Structures are given as C-alpha cells and as structure tokens.
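Beneath this line is the structure, given in structure tokens, with notes to follow.
Every read-out reported here was derived from the displayed coordinates using simple, explicitly stated rules and does not represent laboratory data. Just so we're clear, the structure is a prediction, and the values are computed from it rather than from any experiment. A quick note on method: Cβ atoms are made from the backbone with ideal geometry, for glycine too, and the neighbour counts reach across all protein chains shown.
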Amino acid sequence: MKKKILALLLATLMVMTMLAGCGKKSDSGSGDGKGGKVGVAMPTKDLQRWNQDGANMKEQLEKAGYTVDLQYASNDIATQVSQIENMISSGCEVLVIASIDGDSLGTVLAQAKEKNIPVIAYDRLIMNSDAVTYYATFDNYMVGTKQGEYIEEKLDLKNAAGPFNIELVTGDPGDNNARFFFGGAMDVLQPYIDSGKLVVKSGQTSFEEVATANWSTETAQSRMDAIISANYADGTVLDAVLCSNDSTALGVTNSLEANYTGAWPIITGQDCDIASVKNMIAGKQSMSIFKDTRTLASKVVEMVDAIMQGKEAPINDKETYDNGTGIIPSYLCEPVFADVNNYKELLIDSGYYTEDQLK
Ligand code: BGC
C-alpha cells in the first residue's frame, strides 16, 4: 500500500513538473507563434549592445506571442540583404531592422513593400527607402549634445581662458546616427573652436575626417596613434577627446595608454559597454551615455503589436528624421548621462548588469 501511495505521489509529482515546465516555457517565451512571425535583423555580434538589443527583442516579442527570426550579419551588407530577403520569403509579417549601412537596403525593402510587409527601422534610420513605416531609436542628437556639454562643463569653457587641445572621433559614415551624434556635439563645441578656445591640433574637424569605419575600435586606435605621434609626442597636453561611442573611446584609450604620457584627457562615450564602464571606474573614460536597450525593445514590441492589430503605433516625433523619401514617424527614447558617480544606480540597481560583470 505504502509503495502504491509512493508511486502515485511520484507520478503526480512528475506530471506537475512537466506541466510547470510547459507553463514556464510558454511564459518565458518559447513563442507559441500565434501572433505571427517577426524578422529581426541586427548588424553584428561584435559590439556588445547589439547582442543585448537582439536578445531583448527576441525575449519580449516571444513573450508577446510572436515567433522571431533573429539574424546577425557580421557587419556585412550583402549578408544583411540576403537575411532580409529570407525573412520576406519565409513569411515574416513585420521586419525590424538595425541596418549596417542605411543606404543599402532600398532594393530589398522594395520587395517588402510589394508584399505589404511593414518595416521598423531600429536604432539606425534606413535611408532613401519609402518602405520604412516607423523608426524607433534614442534621441541621437541629444546624445551628441550631452557629450559636447560634458566637455564644455568639465573644461569650464564658458569661463576659462584656455586654449585647450581637443581631438574628435565619430562613427561610421554609413550610419545616419553618426551625423546626429557628431552634429549634436559640434553644435556645442564649434563656437569654442571658432574662437580659438578649443584647438584641434591634428586639424581634422570635418565629419569625413573624423569618421570611424564600422565604429571599429582598432581603426579608432590607429588613427589616434597617428595623431599622437604627429601632435602630442613632444609633451603637448591633450585636454579632451570627443568620442561618439564606447567602441571608439576604447580605441582612443588603448592608444593613449600606449603612446601618451601627459595628463589624462576627458574622454566621452556612449552605450555603457562593460569594457567602458570598467574604464570609467578606473578613471580612464570620463562618461558614457546609457541607452537602456530594454526600453527600446519594449517600444518596438508596442509598435509591432499596434501594426499587427492594424492600429497606429506610438510615436513622439514627426519632424526630425527625414530619410530622403519624407519624414518617418519616430519614437525617440531618452538617453541618460552616466559616469562613475551614478553607474551603480543606473546599471546595477536597475538589473542591467550584475556587480560581478563590472569587476
Ligand atoms: C548606435 C550606437 C552604437 C554604434 C556602434 C550606433 O548606430 O546608436 O549606440 O554605439 O551604432 O554600433
């Protein structure tokens, strides 16, 4: 009898575990796919943020009941185009795309338009295509403004006599965001360059000259190596380096560590990548901009939901982002300033990183 009861108990336990397992699976988002299929195209796994963006999108879309086709393209434009072609032919009903090169998707997106598949440009605007339905991003101009204002404040440019030496590093020319970051920062800094309070010793000040292909750390590093050996090797002090994001800031920091012996400059960044947060804690990078990819993902899921239900998606900007075919209705999330004083609250208390990840 005892054995029978035990067997029954065990069997009940097994069934319960199985049920719990199933339940867990669907609410952790195995995606029952009832909501339809969504294609998510990301640029590369090389940069930390896109891994987080992709993972957040997949998790949140699946939780909402969609099936997700998530693809990374190793920063290769042709790969991204063929991934999007596959998404279109395999029945995706909405496309969410963080482009590698904003100008290279016109042809493939014409196919999406033909099939009435709405397209959401994710983080980076897709240019010169009338197939783009919505754009969701962080306020890119504000990112640049915050970086410029940080340098203005830390060097006390409004009051100090100067002159101060600064160098400029921005991102990929095929990424529409890079122009907004650089433009936002230069709207703050240019008047000081014009008045001679800020001096760019390398003479490299145009967007083309200071751009970094693919936002590559190595490219930023070797450009900085050249700038230092030509302008700062004789002990000239470098006071600040405007870096549009963390991957370029990392290259600049590596270069300075290897080649520069003067007082450490102010260095800006963006993304709060783990390597850069560690550098902030170590005093090697002054600030970063925190763009909570969970917030962006949840906005995009709201957009997908609205589209699937034939409703208008949430937007808060109808004037900033013209992609060459007209203004794209956009939702701009707010970027947040981060430095050594607030990173704990922003990044650890919010659950974005664990304390261990930053050690
Ligand atoms: C993103 C940045 C990122 C950069 C490099 C930009 O489009 O907005 O957050 O640092 O690409 O991947």
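What the table below lists for this structure:
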quantity: Yes/no for Glu153 being without any contact (Cβ under 8 Å) to a residue 12 or more places away in the chain and either away from the ligand (no atom under 13 Å from the Cβ) or among the β-branched types (Val, Ile, Thr) (or both); calculated: yes
quantity: Output for region 107-150, where each listed residue is without any contact (Cβ under 8 Å) to a residue 60 or more places away in the chain and either part of a strand (DSSP E or B) or β-branched (Val, Ile, Thr) (or both); calculated: Thr107, Val108, Ile117, Val119, Thr145
quantity: Candidates Tyr192, Tyr122, filtered to the one that is of a type outside the set (Val, Ile, Thr) and either surrounded by fewer than 22 Cβ atoms within 10 Å (Cβ to Cβ) or more than 22 Å from the chain's Cα centre (by Cα) (or both); calculated: Tyr192
quantity: Qualifying position, being outside any strand (DSSP E or B) and either in contact (Cβ under 8 Å) with a residue 24 or more places away in the chain or among the aromatic types (Phe, Trp, Tyr) (or both), among Tyr353, Tyr331; calculated: Tyr353
quantity: Residues being of a type in the set (S, T, N, Q) and out of contact with any helix residue (DSSP H, G or I) (no Cβ under 6 Å at 6 or more places or on another chain) - total across region 169-184; calculated: 1
quantity: Candidate set: region 334-350, residues that are outside any loop (DSSP other than H, G, I, E, B) and touching a residue at least 24 places away in the same chain (Cβ under 8 Å); chosen: the one surrounded by the fewest Cβ atoms within 10 Å (Cβ to Cβ); calculated: Asp339
quantity: Exclusive hit being in contact with a helix residue (DSSP H, G or I) (Cβ under 6 Å, 6 or more places away or on another chain), away from the ligand (no atom under 16 Å from the Cβ) and more than 30 Å from Ser99 (Cα to Cα), set Ile193, Ile166, Ile228; calculated: Ile228
quantity: For Ala313: the one exception among (1) of a type in the set (Gly, Ala, Ser); (2) over 21 Å from Arg223 (Cα atoms); (3) loosely packed, with under 14 Cβ neighbours inside 10 Å; calculated: (3)
quantity: Failed criterion for Asn75 (all others in (1) part of a helix (DSSP H, G or I); (2) closer than 30 Å to Glu218 by Cβ hold); calculated: (1)
quantity: Wholly enclosed helices (runs of 4 or more DSSP H) of region 231-319 bearing at least 2 residues closer than 18 Å to Leu358 by Cα; calculated: 246-259, 274-281
